[in-house]
Structures are given as C-alpha cells and as structure tokens.
1. Would you check the stretch A:124-215 for Lys pairs whose C-alpha atoms are within less than 14 Å, ignoring same-chain pairs closer than 8 in sequence, and give me the count?
2. Give a residue-ordered list of calculated ³J(HN,Hα) values for the stretch B:126-141 (Karplus: 6.51 cos²θ - 1.76 cosθ + 1.60, θ = phi - 60°; whole Hz; x for Gly, Pro).
3. Using a 10 Å cut-off on Cβ to Cβ distances, tally the other chain neighbours for every residue of B:253-260 and report the average as a whole number.
4. Quick one: which residues, 5 or more positions from B:E348 or on another chain, have an amide H under 5 Å from its amide H? H modelled 1.01 Å from N in the peptide plane, none for Pro or chain starts.
5. What are the ³J(HN,Hα) values, in whole Hz, obtained from phi via the Karplus relation 6.51 cos²θ - 1.76 cosθ + 1.60 with θ = phi - 60°, for each residue of the stretch B:247-262 in sequence order, with x given for Gly and Pro?
6. Please report the equivalent ellipsoid semi-axes of the protein assembly as shown, computed as sqrt(5 x eigenvalue) of the Cα gyration tensor, largest first, in whole Å.
7. In whole angstrom, how long is each semi-axis of the equivalent ellipsoid of the stretch B:128-249, when you take the square root of 5 times every eigenvalue of its Cα gyration tensor and sort them from largest down?
8. Using the Cα centre as the reference, give the magnitude of the dipole from point charges on the C-beta atoms of chain B (Lys, Arg: +1; Asp, Glu: -1; all else neutral), rounded to the nearest 20 debye.
Amino acid sequence: MIKILIVDDEKPICDLIDLNLSASGYRCTCVQNGLDAIDLIEKENYDLILLDIMLPGADGYDVMEYVRPLKIPVIFITAKHEVRDRVKGLKLGADDYLVKPFDVVELVARVEAVLRRYNKADKMLTVGNIVVDVEARRVLKNGKEIVLTNKEFGLLVLFMQNKNVALFREALYEKVWGDEYFGDSRTLDLHVQRLRKKLGWEQNLVAVYKVGYRLEVTE
Amino acid sequence: MKFSLKLLLWTIIVMAIALGFSGFYFVNYVFETSLAREARQALDENSILCFAFETAALNVPAKYDVLQDNTVEQIAANLERSGQSAGRMLRLSDEEKRALYASDGFEPDDELLGQIDEATKAYRTICLNGYYYIQTGSAVNALDRVLYLETLRDVSEVFNERALGFRVYRRVTVVMLVFGTVIMHLIASWLTKPIRLLTRATKRMAEGDYDYRARQISSDELGQLTLDFNQMAEALEENINKLEDEIQAKEDFVGAFAHELKTPLTAIIGYADMLRSRKLDEEKSFLSANYIYTEGKRLETMSIRLLDIMVTRHGQAQFQDVTAESLFLYLKDMFKTNEDMESVYSMEFVYSYDKAMVWAESSMIITVLINLLDNACKASEPGAVIEVSGKKEEAGYRFSVKDHGIGMPKSEIQKITKAFYMIDKSRSRSHNGAGLGLSLCTEILSLHNSSLEVESILGEGTKVSFVLEDRMEAGNEEIHH
C-alpha cells in the first residue's frame, strides 16, 4: 500500500486530503508542523509527501531541503499563487504544485500523476472483471483485450481512479478533452455510452442527475 | 553645449577683442607719435634748407641781380651733397612750378607742389616703390625770385616698426589667448564643479539611488543650491521610504489576507465537494458539515474584524471625557474571576486604578482593553493572575494589562501588531482568533494619538500598555472655580 505524508498546519485541510486520498486507496498520515514532519520522515518510509509552505516550526522550504536527498516525491500545497513562489518550490525539487483552493479531483489526479512518474502508482487498475494497464494502455475484460479510443480510455482511467465518486461533467470534459466545458456538448454522453457497451458496464456507469456520471463498485 | 565651455568661449571672445583693440590702439599710437616727430623733423630740415639756400643765394657774386636758373641748380646740388649722409632728396621749382633741379629718385607727383604758395608750408606722407617718405614743400625767397623747395625724408623705418609691432603683438596675443584659455578652462571647470556634482546626484537619484547626496564644495549660490537640493533629496527619500514601507505593508497584508482567506475556502469547497460527490457514511458527513460550519464561522469572524478595522480607519470617533472608573467597571463586569475552572476566562483578575478623566471614544477604548485582556487570557494558564491597572503619569493616564503567561521573545514583539500575525496558530485557532485583534487596537489607538507599548519576557509574562490624555486637572479646575 502506498503511504502518503500530509503536512499542513490546518487540521481541516489535513482531514480533507486524508479523507479523499484514503478513499482512493492510499494510507495517509497527517502532521501539523514542519519539525514533526521531519521526525516522521526520518522514522518511516513514505512514497509521497504533500507539503504546505507556511508551517510553524520549520516551513515548507526547510522541510523540502531535508527531504530532497531522500528522493521522496513532494507536492507543495500553498495559498501562494505568485509565479516566483511556484518557481522557488519547483527549483527546490518539488514535483508538482497545488494552489489552494483546489478541487478534490485535481488533488487525486496530481497525486496519481506524480506517483506514476516515480513508478509507484498501481499500474494495473482493477474493477470487477476489467483490468486496465495504464502504462501499456491496454484494457482486458476476463483476460480478453478490448479496443478503446483515446478519449474512451481517458474516461475509463478517470472513473477507475475515482470509484464511487460522482464526477462532474465539467471535470470529466476538462480532464479528458482538455478544453473548457460549455455545457452543450453531447460528446461526453456518447463516449460514456460507448464505454458502457464495450465493457458491459450498463449497470456500473450510473448517470447522476444534473451532475454527471459515477462508477459504482460494490467492494 | 556645456556651461563651462560656454563660459570659456565667451571669455576668450571678449579677451581676444579686448587684446586686439588695445594692441591696435597702442601700436598705432606709438606709430603716430613717431610719424609726427618725423614730420616735425622733416619740416625743420626743410626750413634749414630754405635758410641755407637763401644764404647761398646771397653769397652769389653780386654781378648778377637776377638769380640765374643754373645758379639755382648749382646751389641745390651743393645742398643735396652736403646732406648726402642723411640721404637727402630735394627738388627746386621756379615760379611757374617747373622743376629746376631734382635729386635722383625724387619722383613724387606734383600734388603737394600745387598746394603750396609763398606763405604756406605743407607736408604729406607718400609711398614710392615700397618706401615711405614725408614730402615737405615751402617757398624760398632768394633775391627777387620765389622758388619752391621740396624735400623727401625716408620714414620707412617708422612704418616697418609699426608692421613689426603688429606682428609681435599678434604673437603675444596668440600666446596670451592660449594661456588664457588654459587658465580660464581650469577656472570654468572649478566654478562649474558644483553644477556637475549636482547633475550627477540628480542622475543617480533618477536611477533610483535615493540615498545619494551631492557633495557641497562651495559656499556661494551654487553651494546654497546644493544644500537645498540635498535637503529636498532628504525629504524625497523619506517620502519614498515611507511609500515603500506602506507598499510593503500592503503587500504583506494582501499576502496574509490571501492565505487566511484561502485556507477556510479550501476547506469549505473541499468538504462541500465531497458531500455532493461521494457517498459518505454518517460520521464523515457530520465531520464534513462541521468543518464547513466552523471554517465559515472563521471567515465570518475575520470579515467582521476587517470591517471593524476599516471603519476605524475611515470613521470619525466621537471623543468625549470618560472617567477611567467607568471603563474599569465595565471590564470588571465582563472579566470576573471565575471559580468555575472550565469557563473560558478562568483567570484571576486584579484591578487597581487611579481616578482620572480621559479624552476618548469610550466604546473604542473598551474594545482595545477587551482585546488586551483576551490576549492575556489566551497566554495564561487557568487560574493565573492578570493585573489590570490605570495609573496617572506625567505623559497622561496609562492603562496596562499584565499577565504571567507564556510571554514571547523580543523578535516577535515587532510583529504582533501586523494583521493576521499569530505567534502560535493552532493555539490561536482553538480560541477562534483571526490574528487581527492587535491590528484593530493599533488603529484605534492611532486615532487617539497613542500607541501600544509591549514589554515581554519569554516564559514570565507580558505587559501591554498605552497612554491616553489625562483631563482630570482641567476638569478639577473647572469644578473648583
């Protein structure tokens, strides 16, 4: 199981990240100041650190200096929006940057992306009889390969990463198509329908009224 | 064109004209004096020759009553020879002004001859073949004849001297001008040095080097200008520094504000997002809703505090005489020593105050005192003593709040009045603080022309105080009289 350390002095934010990442199958530890964070990093092996910059004790940059030689991936979380702050963080060796306030979907996606870069993410996503090899871009149903288009594949990965989460049409569209969503496109619905048919997921991919779609999985 | 160059150029022009005129006048004066002297001598010579001629004519044997033309020639030739060494040249003409005798080289025209008669002498300066002569002419009465004697005197020397004079003077003038130029250049650049220094200072300042000052090197008008300029620069620098500080403070405020705003917003948005998109169990739903509520409350507290600060900053306070006693009674009522240790304010409050009348807006001062007491409580352990006192001083009436709590290091004291600054965030948060209390106090006190004074020792406690104008004496006097 992948272990993630969350360092933020605001307990509500810590809990928020914890709840969401735990739901996506990560094991999270929260800590509220920089010095405690360094203690924990020393004792335990973490696969990823989510690091706030404004921290009591040692601030995010100080913690980063300590973490860098350990080659643990780090995502900065901060309210600072300025380019120079972001550049400073990235120069120090952060892998990504998350600016408050952030969407939960964005948080999960960035965590996945960074973990994949370090080959730490599960390359195989499994839901029921469907297995997705993210690296190889292969989808297997009962061991038999299913051919998907690029967009369909992107949608499928997004659903599988956010099991039981209602994904908003805007979010889906922006993540997969990379465009601004204008609310009049039937493209998304068409692709979801194609996915259902190809995978036999008529019951699993549920339309959520006025929101979007949700992949329902009974564990 | 540079000022020093202009100064130099004009000086040289004036110097050249002055030298030129004076030189020309001087050389010419010398020349004219010499020429006049020569003319005088020429005329004298002419007279002597006339006399000599007349004497010679008298000595002619008397057998002739009439002076023969050839006799005249003889005498003239004698006269010419007698003056050979002086290079004398003469011409004798008869009554009809026909030349009877002329020396070799005596070739001027007859203009002068036409001008003279028996009674007049005349002379003129002429130029013949590159030589200058003074030609004189006069009538000679010899026996019964009237003859005309003309002489030529070589004065080329005088003219050559004049030419030489001009040449020498030109050379001297050029040398003088060269020296003058060098000296004037030095003087001009020395005189304009303050201007150059000022220019450099202006440029440096324009480039943003506001603490650069022009060096003052003279005490004349330019020195005064430098002095004034530096004073202006001083004032300017002060203003700019003030502006920069203000901008920095504003930036800090905006940064801190963004952070304080974004944190609760992230929580609210995040939990709301979870509630609408995930199927959460009851416990998690409650946790999320509770976070949304508490973080919303935090935003509310912050916005109210900010509004207070803004209203204070722009509002007009209603000042009036307030008895210190009424302020302390209000506080006593609010912060009672509570036996119940579970209560928020479970400290022991000790009040001591002199009677006084202060000039203040009472609700604002109460806000300040409540904030100070609140902070003292946050810094103290339950049951600790908090001293609240009012004391008359020379400067006015001093309110102070002293706790025996955790205190703070010196480095923190400067920062605590900054907006959103919290020494211990988690502790402040649990007391629902927004980090704006002391900011508000500072604003209110600056409205009262006062400020917070903080003394603190880490681990021993903190004393915060401020002074208000004491109106007691004035009040007493009014009562007594």
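Every number in this text was worked out from the coordinates using simple rules, so none of it is lab data. Bear in mind the structure is a predicted one, so any value in this text is a computation, not a measurement. Quick reminder, even Gly has a Cβ in these numbers, built from the backbone with ideal geometry, and neighbours come from all protein chains shown.
1. Counting lysine pairs in the stretch A:124-215 gives 5.
2. Working through the residues one at a time gives 10, 10, 10, 6, x, 10, 9, 9, 9, 9, 10, x, 7, 8, 10, 9 Hz.
3. Neighbouring Cβ atoms belonging to other protein chains average 3 per residue here.
4. Hits under the 5 Å cutoff: B:G383, B:A384, B:V385, B:I386.
5. 4, 4, 4, 5, 4, 4, 4, 4, x, 5, 4, 4, 5, 5, 7, 6
6. 118, 45, 20
7. One finds semi-axes of 80, 14, 10 Å for the stretch B:128-249.
8. Roughly 1420 debye for chain B.
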